[in-house]
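S.K.: Before I ask anything, here is the structure I am working with.
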């Protein structure tokens, strides 16, 4: 059920990319056994299905057998597949890939898809040229998303072209029920509190682009009216750890309380990378259930 | 002489092995390799490979000539299940863009790799027509010729291929002549344990074929060259099976629309044949 409050579907990211078929089914069963109802149709799963056509039906059947469903999704990013790619000769394949991704999301019963505005700054092109390219992409992709009923959710990241200001600028330029924001609490924590650490990952990413870090304030408050999906994970505002809530410096009680008031919110997502931190599924699900007051 | 390209089972290699195999082809005098269905699936599933594979081929001194659309598992143009068709069409449009970006102007398509026995053949063929209506304008815009391949399975006979080509007259629709598949459909009835009848069980009697090359000749744009003994689809090197190669090659060279030729020998997975032997076998044929 969609809406605000405790009934908002909660989904879990799981990195299936390196698992064989048996382990993939095992992980799905593990999540189900711990009370999870939904998983994320992740960028890794999109890549698997794109690269192995037989998985189009296999993964749907595996999820169904485990009693799970997909609720939200994450488009592949990086490697010449981001909306802001300014290189003319790479754009057509990017657009065709994005359209294919949205079609798969629709077929898998998913109605929101997180998209990175940009993962790579191309030498020889200004940031403005990248941003104009993102606009041209939305011109072409939004009608497809509207036809399929999938909301494109632009994510705030600690990189040029992905700041809250840029996400909100694009959403403002393309008023559509099928364009919204994906609020990433870990990335917001880095952009709000990373300035006290010289090793902060944001300094590196903006430094490589030759621009100062536009440190942010109250990302959640600014994005709140547009948030359709969210990525929940913790860090210490230095590196993008994607760790369990409580293992970093995010104020989780305040975050949850405000997130639940987001008028367009359709789903909440754990984007903890459990495998990277050897976190058991039981601990992962239990932690989020406590936070949600389930 | 049209360009000659080599297919290879790239899926068995990690990155380093792939680079070594490309260098091996180049060291044996090869200029062109095929953008195979496996490579297209790899690029589709791993966006980083989009530029990387182009760089690897260029570094080895190879270019891509000819391609093969991924097939099977809800990916063929004759897919008759309505709810699976939008993803199939979106996947094919995406793959045609990749093929264009790799500088390739021909793409072999299977009409139907997975035949749904509970659905009549006519509905499969209608689905194929509907797909071509949507995909041909994309191919025309990109300058890619869709080449329909003769196979020994329902909906892929020479008649089926020629019917569709006749219904969509376009310079961007032609035929891919597969000599190994033609051999199975022309000689398989005389060979015990021929694989063909198993593909037609529960559908109709096998429509054995004659003069496949002659019938397809005016429409052939690319071709798949590999040998077998009319029993299994072994994809082995010329001379290891029972195809009469000299007259076939002489005739193939007269095909008015022919753009390229392809070794579709599957060296690693099916035959364990070194690259050098594959290349030498075709060098002899092409002399």
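The values are calculated or read from the model by the stated rules, or taken from the named source; none is laboratory data. Given the structure is predicted, the values throughout are model-derived calculations rather than measurements. FYI the Cβ positions are ideal-geometry reconstructions off the backbone, even for glycines, and counts take in every protein chain you see.
S.K.: Take the residues in segment B:215-268 that are in a helix (DSSP H, G or I) and at pLDDT below 95; name whichever of them is surrounded by the most Cβ atoms within 10 Å (Cβ to Cβ).
M.R.: B:267
S.K.: Something else: Just checking, which of B:56, B:41 is within 11 Å of chain A (Cβ to nearest Cβ), farther than 15 Å from residue B:263 by Cα and either touching a residue at least 40 places away in the same chain (Cβ under 8 Å) or touching a helix residue (DSSP H, G or I) at 6+ places or on another chain (Cβ under 6 Å) (or both)?
M.R.: B:41
S.K.: Looking at segment A:83-94, which of its residues are free of Cβ contacts under 8 Å to residues at least 60 places away in the same chain, crowded, with 21+ Cβ neighbours inside 10 Å and more than 8 Å from chain B (Cβ to nearest Cβ)? Break it down stepwise before answering.
M.R.: Step one: of segment A:83-94, the residues free of Cβ contacts under 8 Å to residues at least 60 places away in the same chain are A:83, A:85-94.
Then drop every residue that is not crowded, with 21+ Cβ neighbours inside 10 Å, which leaves A:83, A:85-86, A:93-94.
Once the filter is applied, which keeps residues that are free of Cβ contacts under 8 Å to residues at least 60 places away in the same chain, crowded, with 21+ Cβ neighbours inside 10 Å and more than 8 Å from chain B (Cβ to nearest Cβ), segment A:83-94 yields A:83, A:85, A:86, A:94.
S.K.: Which residue, of B:5, B:26, is at pLDDT 95 or above, more than 8 Å from chain A (Cβ to nearest Cβ) and outside any helix (DSSP H, G or I)?
M.R.: B:5
S.K.: What about residue A:73, is it surrounded by fewer than 24 Cβ atoms within 10 Å (Cβ to Cβ) and under 19 Å from the mean Cα position of the chain (by Cα)?
M.R.: Here the answer is no, as residue A:73 does not meet what is asked.
S.K.: Say whether the condition of being within 12 Å of chain B (Cβ to nearest Cβ), buried (at least 16 other Cβ atoms within 10 Å of the Cβ) and farther than 22 Å from residue A:284 by Cα is met by at least one residue in segment A:24-44.
M.R.: no
S.K.: Turning to a different aspect of this structure: Here are B:73, B:116: which of them is within 14 Å of chain A (Cβ to nearest Cβ), surrounded by fewer than 20 Cβ atoms within 10 Å (Cβ to Cβ) and without any contact (Cβ under 8 Å) to a residue 40 or more places away in the chain?
M.R.: B:116
S.K.: So, residue B:78, is that one surrounded by 18 or more Cβ atoms within 10 Å (Cβ to Cβ), in a loop (DSSP other than H, G, I, E, B) and within 20 Å of the chain's Cα centre (by Cα) or not?
M.R.: Details: surrounded by 18 or more Cβ atoms within 10 Å (Cβ to Cβ): yes; in a loop (DSSP other than H, G, I, E, B): yes; within 20 Å of the chain's Cα centre (by Cα): yes.
For residue B:78, the condition - surrounded by 18 or more Cβ atoms within 10 Å (Cβ to Cβ), in a loop (DSSP other than H, G, I, E, B) and within 20 Å of the chain's Cα centre (by Cα) - is met.
S.K.: Restricting the search to segment A:49-73, which residues are closer than 26 Å to residue B:69 by Cα and either within 8 Å of chain B (Cβ to nearest Cβ) or in contact with a helix residue (DSSP H, G or I) (Cβ under 9 Å, 6 or more places away or on another chain) (or both)?
M.R.: Listed by number, the residues that qualify are A:49, A:50, A:51, A:52, A:53, A:54, A:55, A:56, A:57, A:58, A:59, A:60.
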